[in-house]
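First up is the structure itself, then whatever we jot down about it.
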Amino acid sequence: MNIAFLSEKYTPDVGGLAISGERLVRSLASAGHSVRVFAPTLNLSPSEKRTLGSGSLRVTRFGARKRVDDTLVDWFELIQEEHKREPFDLLHAYFLPQAGFVGTFAGKYLDVPSVVSARGNDLERAIFDPARIAHILYALQHASAVTTNANELAKKARALVSGLDVTVIPNGVDTQHFKPVHRNNALAESLELIKATRGVIGFAGELREKKGLRPLLTAYAQVNQRQPATLLIAGDIRAGEDRQIFDEFKLSNPGAQVIITGFVSPNDLPAYYSLMDVFVHPSLRDGLPNALLEAMACEKAVIATPVGGIVDAVTDCENGKLVSTNDAGELANTIHDLLVDENLRKKLGSAARQATMNKFTLQLELDGNLDLYRRLGLKI
C-alpha cells in the first residue's frame, strides 16, 4: 500500500505524539508498505517544505503559518498535490483537531479511505476548546475508521458521537530495546548521582502540570525528609509556568537533589531507566504513556495514577502501584514503601515486563492497524 501519514508532530519534535507516530510509520515501512509522512513544523518558513528519506519511507515537513487555518489549507493542498503524483491507498492521521480533520476531509475529497487516531489530549482537553471541537467532531463522524490507544479514550469518543465504532489499538514498545540492563555506573557518575545513600525516583519525558508536576515534587520532598532520595528527570520541565513552579520548589527545598538531564534520545533511555529504583508517572490526564510502557519493559517498579490508558497497562499491586490522582501524600507513602522493599520492587518489575511482552509489543500494534486496514477493504 501507499499510505499518507499525517501528524501534528513527528520526530525530532519532542513528545509522545511524535514518538508514537514514528514508531507506527517505521513498523508499516518494515512490513513492506510505502509511507509518506506529512507534518507541519515551526523550523521552516511558511510555504517552505523539505522531504527527507527515500524508498518506502519519506518524511515531508512544511512550514506552519501563524494562522492555524492557513496551515490546514497548506496541508490539504499538499496532500492533493502528492496524491496526483503518487496516488494514496489510505490516509492515516494521528491526533484529531488538525491532522484528523485534514486527513478526513482530504479522504472524502479524494475518495480515499481515512483512519483517524485519537491519542490523548485531543479527547482529554481539546474537545473543550470551542475553536477545535468542530474539527474533532467532523473527523470522528466522517473518517472511514477511528482508533485510539486506550479504552477510556474510546469511551469519551463514543460520548461525543453516539454509536461510534472505535477500535482500541494500544501503544507498542520495543521490548528488545527497552529491557533490563545493568546499572550504568558511568552515566550515574556523569550525572553526579549519589547512589550509595539515596534511592532514585525516576520520571521520563517532559514534566508539566498535566503529567503531575505539583504532586510529584511535593511527594518527593516528603520522601526526601524521611530518607535521602534523588529525583531523576530523564527529560526536561516545560518552559514557562511549569518551570517557574519547579524553580520555586528548589528555592523552598534546598536539600532536594533533583537531576534534570534535558532531552534524552530514545536510543539512550534504557541506560537512564537502569538508574531508577522506582519509576513514577502521576498524570492528571493521559492517553497511554510511552514512558510508562518503556519503564515497565525495563522491569522497573512503576507508580502511576488511574487515568486514561494507564489502567489498561497497570493492575494495582500486580504489576505496579496505582495511587489517587493529585494526592501527594499517598504518592509519597507509596514511593517510600517501594524504596525500602527491594523484593517487592523486583516482583512488580518482573510482572510489569511480562505485561508489556504479552499486550504491548510492536507486532501487536502493527497487526492491530493492518487488521483495521483490511476491514476497510484494502489489500495488505
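Selection of region 296-310 for residues being open to solvent by 10 Å² or more (accessible area, probe 1.4 Å) and within 15 Å of the chain's Cα centre (by Cα) yields only VAL307. Residues that are without any contact (Cβ under 8 Å) to a residue 40 or more places away in the chain and either among the charged types (D, E, K, R) or in contact with a Lys or Arg (Cβ under 9 Å, 6 or more places away or on another chain) (or both) within region 167-186 comprise just one, ASN185.
Every test in (1) under 25 Å from ARG214 (Cβ atoms); (2) open to solvent by 70 Å² or more (accessible area, probe 1.4 Å); (3) in contact (Cβ under 8 Å) with a residue 12 or more places away in the chain is passed by GLY320 save one, and that test is (2).
Any residue that is within 26 Å of the chain's Cα centre (by Cα), exposed (fewer than 15 other Cβ atoms within 10 Å of the Cβ) and not in a loop (DSSP other than H, G, I, E, B) - is there at least one of those in region 331-344? No. In the set (1) in contact with a Leu (Cβ under 7 Å, 6 or more places away or on another chain); (2) over 14 Å from ASN333 (Cα atoms), ILE201 fails one condition alone, (2). When you scan region 5-109 for strands (runs of 3 or more DSSP E) that lie fully inside it, which ones turn up with 1 or more residues that are open to solvent by 10 Å² or more (accessible area, probe 1.4 Å) and closer than 21 Å to ARG125 by Cβ? The strands (runs of 3 or more DSSP E) meeting that bar are 34-46. Just give me the residues in region 285-309 being β-branched (Val, Ile, Thr) and not in a loop (DSSP other than H, G, I, E, B), in sequence order. Residues satisfying the conditions are VAL302, ILE303.
Of the helices (runs of 4 or more DSSP H) entirely within region 173-284, those holding at least 1 residues that are of a type in the set (Asp, Glu) and crowded, with 16+ Cβ neighbours inside 10 Å occupy 241-252.
Taken over region 118-144, the criterion of being of a type in the set (A, V, I, L, M, F, W, C) and either part of a helix (DSSP H, G or I) or open to solvent by 10 Å² or more (accessible area, probe 1.4 Å) (or both) is satisfied by LEU123, ALA126, ILE127, PHE128, ALA131, ILE133, ALA134, ILE136, LEU137, ALA139, LEU140, ALA143.
The values are calculated or read from the model by the stated rules, or taken from the named source; none is laboratory data. This one's a predicted model, so the numbers in the text were calculated from it and none came from an experiment. As a convention, Cβ positions derive from the backbone with ideal geometry for all residues, glycine included, and neighbour counts pool all protein chains shown. Just so you know, the surface numbers come from the protein's heavy atoms only, side chains and all, with ligands and any DNA or RNA stripped out. Shrake-Rupley method; radii C 1.70, N 1.55, O 1.52, S 1.80 Å.
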